[in-house]
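Since the structure comes first, as structure tokens, the remarks are kept for the end.
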Amino acid sequence: MTIDLEDLGLDAGGYLIVQRALRDLPIGSRLAVHGRDPALRVHLAVWSREQGHGIDLSGPAPTVVKGSATTARWSRARRAGDPGPDGTLPHADVRWGLAMRGALVEEGGPPLHADLIDRGVVWAEAAQQLYQHGAARQWNPDTAVRWDAPFALPSEIEGAVVQVMTYLVENEYAAMQIPAGFIARMHPHYREVMQVLAIQVADEARHVEVFTRRAMLRSSEMGVSGAGGRASLQTLLDETDFSLAAFLLSVLGEGSFLDLLEFITRHAPDPVTREVAGLALRDERRHVAFGMAHLKYAADADRALLGRLRTAVERRHDALADTAGLNQDVFDSLVVLAAHAWTPESLRSGWNAVQALQKAMNEGRQRRLVQLGFPSDEAVELSALHTRNFM
Amino acid sequence: MTLLMGAVAYDPKVVTIWEGFRRFLVDHGLPFDFILYSHYERQAEDLVAGRIDAAWNSPLAWVRARRLAGAAGARLEALVMRDTDRDLRSVIVVRGGSGVESLSGLDGATVGVGAVDSPQATLLPLSLLRNHGLAAGTNLTIRRFDVGVGLHGDHVGGERDAARALIAGEVDAACMIDASHLLFAREGLFTASSTRIIAETEPYDHCNMTTGPSADPVLAARFRELLLGMSYEDAELRSLLDLEGLKTWRPGRTSGYQALESAVDEARFYGEDGALLADDYRP
Ligand SMILES: [Fe+2]
Ligand SMILES: [Fe+2]
């Protein structure tokens, strides 16, 4: 076979033409390379040597004799699944490293330091859809909230809002760190799940932003942070099992937060508080949906999972038995926030609203537990063991 | 008994390469170890004296070891070499616009070469020039770029400095191995028409793995067999082979060192007995 590089040098990309011509030839084939670059002969000899091809300079045109090295490099390469949403394999090989799903992976290279490498352990059928949904609904904290909306609150009411925001922010920190830690441990073969978690982290970052900004809007002094609440969050941070963490954080914790954020949206004493809670609520619905989708998938793959979920709730309850759970100041602030005013009548209505909130949270948790396959009596029992910190 | 090999540490990657190869060889039942030298002269002397059993020799180290062994009545064998050690060429390069068309145009010129002990960038091209009646001190001025003296030209720095001097107009011609010409073109040091090759040497061979008089024949045979059996399909070996710049080991041959033997004699670099003669060579 013969090719002509015209005046293109091998050093300026000419080797691509040679490479392409050699690609489909059998080993041992001869390829005569014509061209007008004065260094062609010398460079072709070097290039052939480096690539493991032979070179014959005896004729009028230098001739490459195809060697076996290029074939050898890829002879043991394997495809890492298929790129599409149905292309995942039940087990992802750490030796694929960061190769794209569907890529032809050369053997060798450092193995990936990932331990979440089984589909049954991380997957959710709705992952891609939830990612796309989340990506399409990102909002700008600066413009999505009317930060200059006029309002004035009595100082006690404002103080209650600041306290609730102080509480929310520390919960958002936990919700941001937990998925971030799992991203780092996950095999990118299950990229849709990584993407969902990444959007979730970005969501929580925005929640941190808007809650912080609302807290600082009228006040320079933030609320208190109780040791019991932080102990509760620490047990979430300490949970290293992806499914158990999804259960405790997303299904039970964020699930309870749906009711909490809805409560704040409904009872907010000012438009900014209402808007920030409403925006976070939209995102949290998606976080809960992913947790549920994942656990349904994981429970199908592993019938023993429900038992482990149950144990996880009990273990966490025992670990937190000696702590206060929800800070009394946070509880009181929710009452005051919903009361809007410092009168007995208003406080009564705030109190009743918080009672209704706790009932709604409990029912919501029970409903989700039943959806996951727990019998209703067990759902009642487990919901009651959930942390008093809500998250 | 262990087969002890010497290699010259011309680059930190030498440790990676031989640690990796050592693991492979030991895993395949060959008791093998290596020691690193800072230059080739002591390695060649130790090989012939039996202080090491094998040496990963530059072509010039092969020439020296062969001469030392001849004088001492010791036996050497060129066991294996890389596929990329066969049929290399050196080139003599001028600036594209210089008007020099052939070697005769270099009469009275200044020529940039590599380190004093570089076969490819100094000894062989100077021999080519000499055979065309061009010699230092008579009708040629030599400008030497001594980088990595003692490494027998393994360090590309001297060639690169000579190439830079050519582009800067400080020398009329520069000498280098063919692969460096392509390398400098890829790096952009040479642009499309900035240089022209006016002469090439005949093909010659580069490194070989030499076994010396102390090598156990059975271990040496196993060493050869294992090296020749290294497959580029093996991912772990492939990364080492890539670092060492080969796809496959080939049987050793000594037919490709004639030109260098002559160049060494012409330059009075080594004596017939392997003595160091070049008085400006301080490895
Ligand atoms: Fe959040
Ligand atoms: Fe969340």
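Checking the a/c ratio against 1.5 first, then a/b against b/c, what shape does the Cα gyration tensor give for region A:30-140?
In terms of gyration-tensor shape, prolate.
When the Cα centres of region A:246-274 and region A:296-325 are compared, how far apart do they sit, in Å?
Their Cα centres are 22 Å away from one another.
In nm, to one decimal, how far is the modelled label at B:Asp27 from the one at A:Asp241, with both set 7 Å along Cα→Cβ?
About 3.6 nm separates the two model spin labels.
Can you pull the percent of chain B's accessible area that's carbon plus sulfur, 1.4 Å probe, other chains left in place?
Values: 5260 of 10970 Å².
So the carbon and sulfur contribution to the accessible surface is 48 percent.
Hey, rough spin-label estimate for A:Glu221 and B:Thr191, points 7 angstrom out along Cα→Cβ, what's it come to in nanometres?
Reported label-point gap for A:Glu221 and B:Thr191 is 7.0 nm.
Under a plain spin-label model, where a point goes 7 Å from the Cα along Cα-to-Cβ, how far apart in nm are A:Arg230 and B:Glu202?
8.3
Report the FRET efficiency, 1/(1 + (r/R0)^6), for B:Val15 and B:Glu261, where r is their Cβ-Cβ distance and R0 is 41 Å, rounded to 0.05.
Step by step, r from the Cβ atoms, then E = 0.85.
Rounded, prolate or oblate: pick one for region A:314-391, where a ≥ b ≥ c are the square roots of the eigenvalues of its C-alpha gyration tensor, a/c under 1.5 means rounded, and failing that, prolate if a/b is larger than b/c, else oblate.
Since a/c reaches 1.5 but b/c is at least a/b, the shape of region A:314-391 is classed as oblate.
Taking the protein assembly as shown on its own, what percent of its Cα-Cα pair distances exceed 49 Å?
Counting pairs separated by more than 49 Å, the tail of P(r) holds 44 percent.
Under a GNM of chain B (C-alpha, springs under 10 Å), which listed residue has the highest mean-square fluctuation: B:Val111, B:Val26, B:Val63?
Result for chain B, Cα springs under 10 Å: B:Val26 fluctuates most.
Among the lysines, which have Cα under 21 Å from the Cα of B:Lys247 when same-chain residues fewer than 8 positions away are ignored?
Reachable lysines: A:Lys66, B:Lys13.
May I have the convex hull volume per residue, in Å³, for the Cα set of region A:215-310?
Spelled out: Cα convex hull of region A:215-310, divided by residues, is 113 Å³.
For region A:133-182 and region B:72-94, what is the separation of their C-alpha centers, rounded to whole Å?
72
If you wrap region B:90-200's Cα atoms in a convex hull and average its projection over all directions, what's the area in nm²?
Working: hull surface 23.2 nm².
Answer in nm², one decimal: 5.8.
Could you check how much of the accessible area of region A:2-71 is carbon and sulfur, as a whole percent, using a 1.4 Å probe?
Numbers: 1710 of 3340 Å².
Carbon and sulfur: 51 percent of the exposed surface of region A:2-71.
Where a ≥ b ≥ c are the square roots of the eigenvalues of the C-alpha gyration tensor, would you call chain B rounded, which needs a/c under 1.5, or, failing that, prolate if a/b is larger than b/c, or oblate?
prolate
What does a probe at A:Val65 reach in region A:1-33, counting residues whose amide N is under 12 Å from the point 7 Å along Cα→Cβ?
Taking a point 7 Å out along Cα→Cβ of A:Val65, the residues of region A:1-33 whose backbone N falls under 12 Å are A:28-31.
Just the Cα atoms of chain A, one point each, no solvent: what log10 I(q)/I(0) does Debye give at q = 0.06, 0.09, 0.13 Å⁻¹?
Computed log10 I(q)/I(0) values: -0.39, -0.64, -1.03.
At q = 0.19 Å⁻¹, what log₁₀ I(q)/I(0) does a Debye calculation on the Cα points of region A:131-278 give, no solvent, two decimals?
These q points yield log10 I(q)/I(0) values of -1.22.
Counting only protein heavy atoms, probe 1.4 Å: which residues of region A:27-49 lose 40 Å² or more of accessible surface in the full assembly compared with their chain by itself?
A:Val42, A:His43, A:Val46, A:Arg49
Under a 1.4 Å probe, what is the accessible area of region A:2-71 per residue, stated in Å²?
Computed with neighbouring chains in place, this is 48 Å² per residue.
Between A:Leu334, A:Leu98, A:Leu252, where does the largest GNM mean-square fluctuation fall for chain A, given springs only between Cα atoms within less than 10 Å?
Comparing A:Leu334, A:Leu98, A:Leu252 in the GNM, the peak value goes to A:Leu98.
How big, on average over all directions, is the shadow cast by the Cα convex hull of region A:2-71, in nm²?
Average projection, Cα convex hull of region A:2-71: 4.0 nm².
Need the per-residue list for region B:211-241: every residue with at least 40 Å² less accessible surface in the complex of protein chains than in the chain by itself, probe 1.4 Å, sorted by number.
B:Tyr232, B:Glu233, B:Ala235, B:Arg238
The values are calculated or read from the model by the stated rules, or taken from the named source; none is laboratory data. Note that the structure is predicted; figures quoted are calculated from it, not measured. When we count neighbours, we look across all protein chains shown, and the Cβ atoms used for this are built from the backbone with ideal geometry, even at glycine. Surface accessibility is based on the protein's heavy atoms, side chains included, excluding ligands, DNA and RNA. Shrake-Rupley method; radii C 1.70, N 1.55, O 1.52, S 1.80 Å.
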